[in-house]
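Quick notes on the structure that follows.
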2 protein chains.
Amino acid sequence: MTDFTDSLKPRHDGTATLQAERGRSSVDVDELARHLLSRDGFLQRQKKVLAVLSRVKLFKKDQQMNLSRPDRYHLALARAKALQRIVRKHGWDHDDYKMCEYLVDEMSPFHLHMTMFVTTVREQGSEAQKRHWMPKILDYDIIGCYAQTELGHGSNVRGLETTATWDPAQKEFEIHSPYLTASKWWNGAMGRTATHAIVVAQLLLPRSDNDKAYDNYGPQTFIVQIRDKKTHQPLHGIVVGDIGPKYGYAGMDNGYMLFDHFRVPKSAMLSRYAEVSDATGAFTRLGHPAVVYGSLTFVRGQIIMHARLVLARAVTVVVRYSAIRRQFRDRDSTSEQDDEMKVLDYPTVQIRILPLLATTFALHYTGEMMYSLYHKSRETIEKGDFGPLAELHSASSGLKSLCTMLAADGIETCRRAMGGHGFGGGSGLVGINADYLSKPTVEGDNWMITQQVAAYLIKKMTEAVKDPSAPASDPTASLFQFYLANRDHRIPQSPVQGSATDDQAIVDVFQWRAADLSYRAYHARVVEKKPWTRLMIQLHNLSRAYSEQILVTNFCNSFSSSSSTLSAPTPAVLRTCFRLYALTTLDASASSFTLTNAVAPHAVPVLQDAILDLMAELRPHAVKLVDAWSIPDWLLDSALGRSDGRVYEDLFDRAHRRNPLNGVTFNVDWRSEEIVLGSGDGGRGILAKL
Amino acid sequence: MTDFTDSLKPRHDGTATLQAERGRSSVDVDELARHLLSRDGFLQRQKKVLAVLSRVKLFKKDQQMNLSRPDRYHLALARAKALQRIVRKHGWDHDDYKMCEYLVDEMSPFHLHMTMFVTTVREQGSEAQKRHWMPKILDYDIIGCYAQTELGHGSNVRGLETTATWDPAQKEFEIHSPYLTASKWWNGAMGRTATHAIVVAQLLLPRSDNDKAYDNYGPQTFIVQIRDKKTHQPLHGIVVGDIGPKYGYAGMDNGYMLFDHFRVPKSAMLSRYAEVSDATGAFTRLGHPAVVYGSLTFVRGQIIMHARLVLARAVTVVVRYSAIRRQFRDRDSTSEQDDEMKVLDYPTVQIRILPLLATTFALHYTGEMMYSLYHKSRETIEKGDFGPLAELHSASSGLKSLCTMLAADGIETCRRAMGGHGFGGGSGLVGINADYLSKPTVEGDNWMITQQVAAYLIKKMTEAVKDPSAPASDPTASLFQFYLANRDHRIPQSPVQGSATDDQAIVDVFQWRAADLSYRAYHARVVEKKPWTRLMIQLHNLSRAYSEQILVTNFCNSFSSSSSTLSAPTPAVLRTCFRLYALTTLDASASSFTLTNAVAPHAVPVLQDAILDLMAELRPHAVKLVDAWSIPDWLLDSALGRSDGRVYEDLFDRAHRRNPLNGVTFNVDWRSEEIVLGSGDGGRGILAKL
């Protein structure tokens, strides 16, 4: 189709604009990209996988938003299967496969199979069970899912209602759903895909003294075939299906499943750590699965590293678009001829997106630290001793809560900063926004898991108060001792004085605030013995303050190590990011800093000017900094965020040449029941779909 | 389909739970509902329209999320046409029609026709133009849209690129799109529906002294036929279509349109206020359209009243669900037998949703005040004199910004407070969330229009400083005079002392902060002459503080008037809402209150306990308060928010009985290219849709 629009150009050339932006900064993008993304060969791997996937039509993204939800699952399954063929054809390893998932950018119906399903079998199966199941799993001869959460219970695993009752006569377990709320629910890949499931159920064993009474041995894991190998229909006694559309994850078949006195053999119970005796029906624990918690820190590290890349994607889009979008002349301009300003030059735009750009780096250095500690401690972890990781392991709940919230809120902030086009599909943010909104809830609800961090900090403070001069085993113990020794003669700090910013003072005030809030929590709970419930909000805020302190400390520490190898001006630019992240965080919770005597009240009003100056320093480097995150255009799938700046050409192309709705002509006369002009359908077509 | 799940019940009875909740409070729901929703017969109208629409299958909502985006437009058009037939059949008036739109809860392809399109013709058309067009419009013989925004320009109307050039020889205008960025963009109903458009274009008239040069007379409005009456194809010289999928508004065909030297007659220019002379080609202004700005306050009032109902919907869902959902036992409980707690009893849940419940009322009383003032001033407005409305008219930008942000953020906060099920389609919030996210951007971007409020406040403060004893024409002038008279001996207040809360002190601190920030803005801009751009963030914050002051003041004033007619305990419960809204708002910006000397620093730490106590007071009434907002179940379309509490039954029903994806069996073997089991499709079906 050709028409007069073919020869039209945007009034301003976006490509030239981005080129000029890049010309204004001497940050070495490739060097910074390597600094950020070298771990596990990320950059080379991305290049290799992208070259293959971007040529396969099945992975084309731009029509996804036009598909119905059933078609989105259909597509995701087709992609999951195709990926298996591609991975095998190219001989790619598991890291390559994970890169495929990242670039395809869709929660796959096979995702749980190689994460929770295989991990559970590997960690909780006996040697015999692993010999039996692992080959089938690795060949994808069976497809697994992980059925823990129920309709009535999520976070409280001990409250699960599904039962597995031991029948000593048949030597079988009977899995049963006594209530509707016992239905397994949300479990990914269970709805239409999985042939097998890890089922978590309350283990009930008959009491030896009374054959009608049962004792509950708590939640145990069972591996259960749920669908017929050939017909893919649910086995008799099982009702299973997809729970329906949701905010995001359109391609994933999150499922429900109930059991009607469904029988499984004794071998179904994963028995590395627990066993029911054939002969006596007695329950035996075989050691303690503490070791599985070792991977939690690694998983939480992954969540943070993922959060930084998701946030980097949104920030990439908004920074590039804002450098191209022009709106209004400067209000103080006296010339009628002045061009409209780039919106990225408005402080009201900067204040929303440049601190988020800085946040991507803040998340990075803490994620890196978690990975490093995990790898360093790997050997001792295997023995159940977390070593230097122990403290971070406890703190990781707070980091998960904070970092996923920063990313989820940050995506939406970026979207709104783009005005009208931010609401359009061409933003490329519709999908990640909807998908990422699950993260504040899954893997531990963000408001709930912070209670664990607070409990840990209260325990640490109690220890510090009891024995203020015991050798400090970790940074938090040292901090608390320092706090207790100084709290009576604390001088509140002023991190910004005149035009000077004191980085050590920044770290100090974040640490002091965390310590002081820990002390208050300790005092309320341990000394005043206040009810836990009454303290919950305070404890949530404590976890956040403590986690912010970790991000600030690690970001600052990074200057003394790796980033010093970067060429100028990058280290200085990263330091600007550090200050901007820290000062905007401080400003947003200013009263918490002053009330804890961390910051002097007179040091707060000067923050606004300091933040404006930092943003002005960062502004010229913004485009190059997002370039360094190396998000491929194919992954961005964003007209607004294209690396070549052809924003308006792409928006128009999507509308005029790639929108299936424009292929249909409608009958808009309200007197007629026909909807598609000339079809004579009388409106019945759409009714059939309701 | 029957199976063993038919006989299963949830472990706890949701219906009984909500009944018990309602039994705990003696708030008279019907009375409160009438208090909130009597204006223009809202409640009776809702009942009447609901009775009809809820019986028509076309308006069934529960399959919408399963439809493709093209089908969503198809459905929305079918509904728009059906509504016209229904409205005529029942002889309903325009308010009934607006109630239909509210209950159908979908932005209709006919929506712009009876809003921007007809309003523009009515307000800007000459008498002759109105005689010609109005009958066609009211009969929906033509369908109109409003084509102002362009690909390259939204808020800055003066920057529009489309031109309308007067050809004195032919006595015609030539409408033209010189750049790709001149494309009209986002305009609702233009994509597939509209036959006519109001086109906003720069009026270019030839200079009398040089027939090749033109003078720009700025944006003018033209009424233009864009599609053929019979074929519904674009007229020659016009390219028009739908811009594609976006965050929300799936049923609306937001469009793009470009003109290639498209000719329209002289009569196309709406000429009540401006005319081009046939004879000389000279431009004449006929009066000034100031009167059209009169309706702006009314529209902004509508936005706030709409925001309160949208927020009330989200709050209704989360309050009812949280009263039913149980999770974990009390951590301090010593009995193993205690039941799990309702999540609404956790302060960490309360702090997220009860202040939002209070916010619905805060928005209500300011919206009511705007309506009342508008109606009172109607006659003087017709003459271009806003009377007592003048000040609110200026302030309404700030209120729009604040209230739509509160609602948009509030919906998401409610969603997250529901944990896992909040991410599911059964929440009933997926649609309103996606649709409502447009509001912070449309009708004036929330970060931009606040600059207008700040400019107004700086002007008012400048006047007050110049003549501190001039008779105050409005509340802001009085406030500024009071501030200037007292600023040298201000004693910061403590709104909460011990267990007592001082409502007048609450109002005082909000007003003082707004006045002090106004003075600082005045000083920076007028005295120090700082660049506007440098002040933009500060000015945005000023607008927010000023708008919060309006909400707090109106909420407090409501106690002296209407709400005093309510029976106990409702007035006291509303007062609790007032305090909760005000104190959580104060706490969230505490440093702004202390830095302005509004609040004493020592008054801040006590807020947390006061807020906990207020939430405990409000807690027993929460379910009845949301009941009073009278959102019909049919509109909620939410399993979690059902008024009968059958949360789990409905979630399961949607998954097990109403999910089309469960009707298909898939081939999950990666070795096969077939996707639907037994179809032998080789995966080609989905490829055709990409």
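Once you order the gyration tensor axes a ≥ b ≥ c over the Cα atoms, which shape class does chain B get: rounded for a/c under 1.5, otherwise prolate or oblate by comparing a/b with b/c?
oblate
For chain B, report the accessible area per residue in Å² (1.4 Å probe, heavy atoms, rounded to an integer).
Per-residue accessible area for chain B comes out at 37 Å².
Between chains A and B, what is the buried accessible area summed over both chains (1.4 Å probe, protein heavy atoms, nearest 100 Å²)?
That pair hides around 14000 Å² of surface in total.
The stretch B:161-202: which residues show an accessible-area loss of 30 Å² or more, assembly versus chain alone, 1.4 Å probe?
For the stretch B:161-202, once contacts with the other chains are taken into account, B:179, B:180, B:181, B:185, B:186, B:192 lose 30 Å² or more.
Given the protein assembly as shown, report the % of alpha carbon pairs whose separation exceeds 44 Å.
Value for the protein assembly as shown: 44 percent of Cα pairs lie more than 44 Å apart.
Copy-to-copy spacing for residue A:93, label 7 Å out on the Cα-to-C-beta vector, in nm, shortest first?
Counterpart label points of residue A:93 in the remaining copies fall at 7.6 nm.
Only protein chains counted, 1.4 angstrom probe. Which residues of the stretch B:535-579 are at least 30 Å² less accessible in the assembly than when their chain is isolated?
Going by heavy-atom accessible area, the residues of the stretch B:535-579 that drop by at least 30 Å² are B:536, B:537.
Report the charge-dipole magnitude of the protein assembly as shown in Debye, nearest 20, computed about the Cα centre from +1 at each Lys and Arg Cβ and -1 at each Asp and Glu Cβ.
Magnitude of the dipole: close to 1460 debye.
Where in the stretch A:434-530 are there GluC sites (Glu not before Pro) that are in a DSSP coil and have at most 13 other Cβ atoms within 10 angstrom of their Cβ?
A:528
Taking θ as phi - 60°, what are the ³J(HN,Hα) couplings along the stretch B:38-52 by the Karplus curve (6.51, -1.76, 1.60), each to the nearest whole Hz, with x for Gly and Pro?
Karplus-based 3J(HN,Hα) across the stretch B:38-52 equals 8, 3, 6, x, 3, 5, 5, 4, 4, 5, 5, 5, 4, 4, 7 Hz.
For the stretch A:70-137 and the stretch B:33-58, what is the separation of their Cα centres, given in Å?
The distance from the Cα centre of the stretch A:70-137 to that of the stretch B:33-58 comes to 51 Å.
For the stretch A:141-180 and the stretch A:311-353, compute the distance between their C-alpha centroids and round to whole Å.
Their Cα centres are 55 Å away from one another.
Carbon and sulfur: what percent of the stretch B:38-106's accessible surface (1.4 Å probe)?
53 percent
Can you show me the helix-derived [θ] at 222 nm for chain A, built from DSSP H runs with n ≥ 4 at -39,500 (n - 2.57) apiece and divided by the number of residues, rounded to the nearest 500.
-15000 deg cm²/dmol
What nm distances, shortest first, do you get from the label point of residue B:266 to those in the other copies when the point sits 7 angstrom along Cα to Cβ?
10.1
If you average the C-alpha positions of the stretch A:511-553 and of the stretch A:359-422 separately, how far apart do those two centres end up, in angstrom?
With the stretch A:511-553 and the stretch A:359-422 each reduced to a Cα centre, they are spaced 20 Å.
Got the residue B:139 label distances to the other copies yet, label 7 Å along Cα→Cβ, in nm, shortest first?
Label-point distances to the other copies, shortest first: 7.4 nm.
For residue B:147, which sequence-distant residues (separation of 5 or more, or a different chain) have an amide H within less than 5 Å of its own amide H, given hydrogens modelled in the peptide plane?
Correct list: B:198, B:199, B:200.
Just tell me which lysines come within less than 21 Å, Cα to Cα, of residue A:89; anything on the same chain fewer than 8 places away is out.
Partners found: A:47, A:48, A:57, A:60, A:81, A:98, A:136.
List the trypsin sites (Lys or Arg not before Pro) within the stretch B:489-539 that DSSP assigns to loop and that have no more than 11 neighbouring Cβ atoms inside 10 Å.
Of the trypsin sites (Lys or Arg not before Pro), the ones in loops of the stretch B:489-539 whose Cβ has at most 11 other Cβ atoms within 10 Å are B:529.
Ignoring any ligand, DNA or RNA, what whole percent of the accessible area of the stretch A:114-287 comes from carbon and sulfur when the probe is 1.4 angstrom?
49 percent
Looking at the stretch A:11-115, which trypsin sites (Lys or Arg not before Pro) are DSSP coil and have at most 15 other C-beta atoms within 10 Å of their C-beta?
Sparse-neighbourhood loop trypsin sites (Lys or Arg not before Pro): A:24, A:55, A:60.
The values are calculated or read from the model by the stated rules, or taken from the named source; none is laboratory data. If you're wondering where the values come from, they're calculated on a predicted model, not measured in any experiment. When we count neighbours, we look across all protein chains shown, and the Cβ atoms used for this are built from the backbone with ideal geometry, even at glycine. For accessibility, only protein heavy atoms count, side chains too; no ligands or nucleic acids. Shrake-Rupley method; radii C 1.70, N 1.55, O 1.52, S 1.80 Å.
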